[in-house]
1. Over the chain, what is the relative contact order in percent, taking alpha-carbon pairs closer than 8 angstrom and at least six residues apart?
2. Would any residue of the stretch 103-142 have its amide N under 14 Å from a label point 7 Å out along Cα→Cβ of Q58? List them or say none.
3. Round to a whole number: what % of the accessible area of the chain belongs to carbon and sulfur, probe 1.4 Å?
4. Which of the chymotrypsin sites (Phe, Trp or Tyr not before Pro) found in the stretch 1-63 are loop residues per DSSP with 15 or fewer other Cβ atoms within 10 Å of their Cβ?
5. Count the net charge of all other residues whose Cβ sits under 12 Å from the Cβ of L25, scoring Lys and Arg as +1 and Asp and Glu as -1.
6. Quick check for you: with a 1.4 Å probe and neighbouring chains kept, what is the accessible area per residue of the chain, in Å²?
7. How big is the charge dipole of the chain about its Cα centre, in debye rounded to the nearest 20, if each Lys and Arg gets +1 on its Cβ and each Asp and Glu gets -1 on its Cβ?
8. Size of the stretch 1-122 along its principal axes in angstrom, Cα-based, largest extent first?
Amino acid sequence: CISALNAPVLSKLVESFCPAAAAALRATKYASSAVGVYVIRKDEFAQNARCFGAVVPQIERRSILAISFSSLKYTGRCSDDECIVRVFMGGAMHESMLGNTDDALLAIAWNELVKVLNLRSPPKHQLLVRWPEAMPQYDVGH
């Protein structure tokens, strides 16, 4: 059996015929995240700095988890002179960060982008998307 449901919902569906599986599903932990989405002029980036994105290693001690250049991965999402950049925050390692307001998270993510990418101009547009308890945590023994 294959399911695309999250573990809490699936646990309710299988409880009647497989209580052991339902219990295991209920024990699955989830983490939350937030994504800052920015529209930035392409001329802000060095030509050789264009890529699909990057995961930020923990040793960097930054407030962000990853950066994704969505419009470079998927063309046609914005004008040719713009780039859509997503900045991922929170997760299991920085869960407390999500207690910040949307505006505060956007500011944190933007400040990290400025430092990492040496940006000079503010974004043309910005938006914060929250994903509460959306990332299952595959701990040892899950």
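The values are calculated or read from the model by the stated rules, or taken from the named source; none is laboratory data. Since the model is a prediction, treat every value here as computed from it, not as a measurement. Here the Cβ is made from the backbone with ideal geometry for all residues, glycine too, and neighbour counts use every protein chain on show. SASA here: full protein model, heavy atoms, side chains in, ligands and nucleic acids out. Shrake-Rupley method; radii C 1.70, N 1.55, O 1.52, S 1.80 Å.
1. Dividing the mean separation by the residue count of the chain yields 35 percent.
2. 138-140
3. On the way: 5220 of 9160 Å².
That fraction is 57 percent.
4. F17, F52
5. On the way: positive: K12, R26, K29; negative: E15.
Here the count lands on +2.
6. Numbers: 9160 Å² over 142 residues.
In whole numbers, the chain has 65 Å² accessible per residue.
7. Dipole about the Cα centre, nearest 20: 140 debye.
8. The Cα atoms of the stretch 1-122 stretch 58, 32, 26 Å along their principal axes.
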